[in-house]
Amino acid sequence: MPSDWWDSPAVAACPLSLSAQSGRTARRFTRSTLREWGLASLADDAEAIVGEFVANAVSHAARAVGSGQPIGLRLLRRTGEVMCAVLDPSDRAPVLKVPDRIEETGRGLQMVDALSDVWGWSPVTGRGKAVWAILFCA
């Protein structure tokens with residue numbers, strides 16, 4: 001049993017706006033937080049995943065709803081894993097697509113699928129959804 005088994009999970013939160021700067025803010029926050037947690041080896045993959053989730057939330061979910069509700073990033077460290085989650089006000093589920101070779105978009109969730117150990121989404125009662133990915137620590 002790991003020595004930190006009984007420790008409480010660590011949680012970090014970052015509110016985000018619907019601007020194009022949110023992706024950069026989320027990626028920097030993710031890298032900084034993982035360094036603080038001693039998990040810098042996961043930072044590249046986590047940054048890419050978070051960047052994709054935030055881009056999707058800004059371009060699809062948040063604007064489609066038009067509610068003006070903010071989006072948010074949550075990072076959760078538990079023994080053996082880190083969860084990256086982006087909350088947005090839309091109830092629409094993310095869809096893993098297989099785009100045609102000539103399409104210029106639609107590959108982001110394929111990247112998330114390749115980089116994460118598991119990913120998915122969960123409804124957030126009265127507030128939309130959380131799209132999340134888990135990275136296992138070595």
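Any read-out appearing in this document is the output of simple, stated calculations on the displayed coordinates, not a laboratory observation. Only a predicted model underlies this, so the values are computations on that prediction, with no experimental measurement involved. All Cβ positions, glycine included, derive from the backbone under ideal geometry; neighbour counts span all protein chains shown.
Residue ranges 116-126, 21-31, 48-58, 79-89 sort as 48-58, 79-89, 21-31, 116-126 when ordered by packing (mean number of other C-beta atoms within 10 Å per residue, highest first). Net charge in the neighbourhood of A12 (other residues with Cβ under 10 Å of its Cβ; Lys, Arg +1, Asp, Glu -1) is +1.
The amide H of K129, built 1.01 Å from its N in the peptide plane, has D88, S90, V124 as neighbours under 5 Å, considering only residues 5 or more places off or on other chains. Available extension along the chain between A12 and E81 is 23.4 nm, counting 0.36 nm per residue and deducting the alpha carbon span.
Simple spin-label estimate for S41 and R28 gives 2.8 nm between the two label positions (7 Å along the Cα-to-Cβ direction from each Cα).
Here the extension length gained between Q110 and A20 equals 30.2 nm, from 0.36 nm per residue of separation less the Cα-Cα distance.
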